[in-house]
Protein chains: 2
Amino acid sequence: MMDYKTLFETMGRQAKTAAFDMQKASTKMKNDVLARVADILEADMATILTANEEDMKHAVANGVPPVMMDRLQLTEDRIRQMALGVRQVIDLPDPIGECMERTARPNGIRIEKRRVPLGVIAMIYEARPNVTIDAAVLCLKTGNAVILRGGKEAMASNRALVAVLRRALKESGLPEDAVQLVEVTDREAVSDLLRQRAYIDVVIPRGGAGLIRRIVEESRIPVIETGSGVVHIYVDKEADPAKVVPIVINAKTQRPSVCNAAETLLVHREAVDTILPDVIDALIKAGVHLYGDEAIQRLTAAAMPATEESWYTEYNDLVMNCRVVDSLEEAIDHINRYGTKHSECIITENKATADTFMRDVDASSVYVNASTRFTDGFEFGYGAEIGISTQKLHARGPMGLPALTSYKFLVYGDGQTRG
Amino acid sequence: MMDYKTLFETMGRQAKTAAFDMQKASTKMKNDVLARVADILEADMATILTANEEDMKHAVANGVPPVMMDRLQLTEDRIRQMALGVRQVIDLPDPIGECMERTARPNGIRIEKRRVPLGVIAMIYEARPNVTIDAAVLCLKTGNAVILRGGKEAMASNRALVAVLRRALKESGLPEDAVQLVEVTDREAVSDLLRQRAYIDVVIPRGGAGLIRRIVEESRIPVIETGSGVVHIYVDKEADPAKVVPIVINAKTQRPSVCNAAETLLVHREAVDTILPDVIDALIKAGVHLYGDEAIQRLTAAAMPATEESWYTEYNDLVMNCRVVDSLEEAIDHINRYGTKHSECIITENKATADTFMRDVDASSVYVNASTRFTDGFEFGYGAEIGISTQKLHARGPMGLPALTSYKFLVYGDGQTRG
């Protein structure tokens, strides 16, 4: 067995050294690297596709499910999309150096609070090679070094993509070790990586609930939890019927595999006879399987009985829970109990009801009368997204470039001492 | 043995329920509670002092060292100071509800990013009863619930103080369980507390390096690391000699027991003959024991040999390391290697040198020509301080009220769906 501790200490030390140079890099230098990355991605497409074919061949041999195969596969078009994404990050403002506060104290010292990089970021994710480029590029733009640990199914693709990133860094005069790939794939290796607190400043997991739970449990480095979304839509008794079907269908079916898709529909008892039948019809027509409480089961034979487990489940599929509630408070209680603090929506025309819901529901993003599918860095106007945080510390909700920064206080004196 | 898991789950659930009401409390309601706390502190002084005498008696019997006894002791004057501190927090602006960003997207949705409480905060600290009031009051002002776990030596005092807090909450119509005291004192109990991730949003340890290390290691809840400070002062070759002695003496001796006091002096080789002798003289006159490298030992017989261990040590006492460096870069390397990312100072008249130091030293607060003793929420103008963060995530440096908040996105639509 390999000595992972030594391996990760070495990678950590290299990342730390690279981070020291990255934090000094000007915006132009960082943008030059990104431009090189985009160019090489397009120029070296054949190499990347060959590597990806290797991964795809293994995936077929190992019986990887189709949905995962689709995420794993690269095509010329997908690589061109990647390059386009990289070029869009070039156009985003560089947050590093930004003065967030400026104070002059009575004793004459001046204090500036300025944005700085986080330092070394470890990204842990599944078999999606596009995350390799996306995540690395956002980390580089913000002057950080990154250690990437992707799913083992994508190893050949990730090697090819990381080679592109490192070549771009080298050709731009920045340290290659600002991007490093973890090439060992067994689970114990991750535990050792998660203990390198001396070198790694933050761990960002991206993936399913199981991956994230494991990392939170094992990490001795601060973690930003992302992504897990048991998302609710509450149809109030004062909902506008014309808005209900479009919002519910969009939130559930437009892209069911993502974290901001809805999983549970709550309906006020007074809307059951008036609004709910059309919603149920529309869901069934859209191919959605329903789990319902007794009231829902009485309404439609298509609903299977919901269990306690159902309310906790993120299906990421054309499946939806449905429950009737007696009041706004019962809806809020249900959401705060079973939700994952991601995105929650109320459909109502009553402003006071909406305000109560938005105040009392504990989630990164609370909606009135709009699809929860908007919880996204691009839809929120950030021009980028490293993930969607479901925790309250540091960053919450869609994380743009500033989520990859910290700050420091610069104190300018002229000999001041404390009395 | 008691079932700690059940105990802490119960406390956690109670705290979460209380937090739900606290986040709804208006600024006036929260300020009313603080006013009651201050009044009861003064009115019930006798009860608090009696409880504190009990702690002091135990401390004497257990041979607690004098410096700890001093921190433990309450007097009428100290309680009056506490009440004054509480009243000052009333005057601070309430950050909750503040709109941090407001956007209207092309599709018509409006997004507001607003400050909300963190939720449930666990404070773990040592035998300083004043922290009980300070910390609880800042948590209440920001609409949080708090679970307090102070040092066992202060248990009777903490019980009396928490009774004051809970009575004030009750009399103001807010939930008593917004403040709870952990009354079990063995170490294993803390481990179980640190696993209540379902109920506790953040853990803030305040105390020595050992306490903080243990909590970081054991916690499954996000931690804000505070306080540990191996603070450096670097005397550049272009330092103004008139500023050096006052700054070094102030940073080292004005209050050596605190985290922003200096521990290590670095001196450029070209300043050794010109500037250093006066500094050494002044330090020795101030009763400071020196550990030095060979160059320093040649300069003064008073310096004991510094070891690798010395550079890592936070003395919190009249002891200082001293080392000669050949360049700015060597000083920066030393600081980034041995420092704790707290507060670091350069004394120089060269602006470019100062700028390089301030950019390249990785610390919450970097100084040019001023004592590091200013790293403090009050000195920075925040009017309060829950601790000084030495990590990069969430909050860095002195933490005022906003460090006890998170935010949420409120999305207002009119039926929008994602295309």
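Taken together, the values in this text are just the output of simple stated rules run on the coordinates, not laboratory data. As the structure is a prediction and not an experimental result, all values here were calculated from the model. Quick reminder, even Gly has a Cβ in these numbers, built from the backbone with ideal geometry, and neighbours come from all protein chains shown.
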>> For segment B:299-309, which positions are farther than 21 Å from B:THR253 by Cβ and either crowded, with 20+ Cβ neighbours inside 10 Å or of a type in the set (Val, Ile, Thr) (or both)?
In response: B:THR307
> From the set of residues in segment A:222-268 that are over 16 Å from the mean Cα position of the chain (by Cα) and hydroxyl-bearing (Ser, Thr, Tyr), which is nearest to the other protein chains (Cβ to nearest Cβ)?
Replying inline: A:THR253
>> Quick check on segment A:367-381: of everything there that is within 8 Å of chain B (Cβ to nearest Cβ) and in contact (Cβ under 8 Å) with a residue 24 or more places away in the chain, which residue is nearest to the chain's Cα centre (by Cα)?
In response: A:THR375
>> Just to be sure I understand, how many residues within segment A:81-119 are touching a Gly at 6+ places or on another chain (Cβ under 7 Å), of a type in the set (A, V, I, L, M) and crowded, with 20+ Cβ neighbours inside 10 Å?
In response: 2
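Go through segment B:255-280 and give me each residue that's within 13 Å of B:VAL231 (Cα to Cα) and among the hydrophobic types (A, V, I, L, M, F, W, C). So that I can check it myself, show each step before the final result.
As a first pass, look at segment B:255-280 and keep what is within 13 Å of B:VAL231 (Cα to Cα): B:256-266.
Hits for segment B:255-280 are B:VAL258, B:CYS259, B:ALA261, B:ALA262, B:LEU265, B:LEU266.
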>> I need the full set of residues from segment B:113-128 which are part of a loop (DSSP other than H, G, I, E, B) and more than 14 Å from chain A (Cβ to nearest Cβ), in order please.
In response: B:GLU126, B:ALA127, B:ARG128
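Somewhere in segment A:190-200, is a residue under 25 Å from A:PHE374 (Cβ atoms) and of a type outside the set (Asp, Glu)?
Taking segment A:190-200 and keeping what is under 25 Å from A:PHE374 (Cβ atoms), we get none.
Among the residues of segment A:190-200, not one is under 25 Å from A:PHE374 (Cβ atoms) and of a type outside the set (Asp, Glu), which makes the answer no.
Can you report the number of residues in segment B:331-358 which are among the acidic types (Asp, Glu) and touching a residue at least 40 places away in the same chain (Cβ under 8 Å)? I'd like the intermediate steps shown before the answer.
Pass one, segment B:331-358, residues among the acidic types (Asp, Glu): B:333, B:344, B:349, B:355.
Cutting the leftovers down to touching a residue at least 40 places away in the same chain (Cβ under 8 Å) gives us B:344, B:349.
The qualifying residues number 2.
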> Just wondering, is there one or more residues in segment B:129-143 that are closer than 30 Å to A:TYR382 by Cβ and within 14 Å of chain A (Cβ to nearest Cβ)?
Replying inline: yes
> Restricting to segment B:249-281, what's the tally of residues that are β-branched (Val, Ile, Thr), crowded, with 22+ Cβ neighbours inside 10 Å and touching a residue at least 60 places away in the same chain (Cβ under 8 Å)?
Replying inline: 1
> For segment B:223-242, what are the residues that are more than 25 Å from B:PRO398 (Cα to Cα) and either among the hydrophobic types (A, V, I, L, M, F, W, C) or surrounded by fewer than 23 Cβ atoms within 10 Å (Cβ to Cβ) (or both)?
Replying inline: B:LYS237, B:GLU238, B:ALA239, B:ASP240, B:PRO241, B:ALA242
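Determine which member of the set A:SER364, A:SER389 is of a type in the set (Gly, Ala, Ser) and under 13 Å from B:ILE111 (Cα atoms).
On the way: A:SER389 fails: under 13 Å from B:ILE111 (Cα atoms).
Sole residue among the options that is of a type in the set (Gly, Ala, Ser) and under 13 Å from B:ILE111 (Cα atoms): A:SER364.
Quick one: which residue in A:GLU349, A:GLU344 is of a type in the set (D, E, K, R), more than 9 Å from every other protein chain (Cβ to nearest Cβ) and buried (at least 20 other Cβ atoms within 10 Å of the Cβ)? Working first, answer last.
Working: A:GLU349 fails: buried (at least 20 other Cβ atoms within 10 Å of the Cβ).
Answer to the check: A:GLU344.
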>> Of everything in segment A:95-112, what is at the interface with another protein chain (Cβ under 8 Å from one of its Cβ atoms) and either part of a strand (DSSP E or B) or without any contact (Cβ under 8 Å) to a residue 24 or more places away in the chain (or both)? Give them in sequence order.
In response: A:THR103, A:ARG105, A:ILE111
>> Can you tell me which of (1) more than 17 Å from the chain's Cα centre (by Cα); (2) within 11 Å of chain B (Cβ to nearest Cβ) is the one A:HIS334 doesn't meet?
In response: (2)
> Does segment A:287-298 contain at least one residue that is more than 14 Å from every other protein chain (Cβ to nearest Cβ), in contact with a strand residue (DSSP E or B) (Cβ under 6 Å, 6 or more places away or on another chain) and loosely packed, with under 15 Cβ neighbours inside 10 Å?
Replying inline: yes
> Do we find a residue being free of Cβ contacts under 8 Å to residues at least 12 places away in the same chain and surrounded by fewer than 16 Cβ atoms within 10 Å (Cβ to Cβ) anywhere in segment A:310-322?
Replying inline: no
> Given B:LYS5, B:LYS28, B:LYS16, which one is free of Cβ contacts under 8 Å to residues at least 60 places away in the same chain and either surrounded by fewer than 15 Cβ atoms within 10 Å (Cβ to Cβ) or assigned to a helix (DSSP H, G or I) (or both)?
Replying inline: B:LYS28
> Within segment B:386-396, can one find any residue that is of a type in the set (D, E, K, R), surrounded by 23 or more Cβ atoms within 10 Å (Cβ to Cβ), within 7 Å of chain A (Cβ to nearest Cβ) and more than 27 Å from B:SER327 (Cβ to Cβ)?
Replying inline: yes
> Here are some residues: A:THR253, A:THR226. Which one is of a type in the set (S, T, N, Q), in contact with a helix residue (DSSP H, G or I) (Cβ under 9 Å, 6 or more places away or on another chain) and closer than 23 Å to A:LEU140 by Cβ?
Replying inline: A:THR226
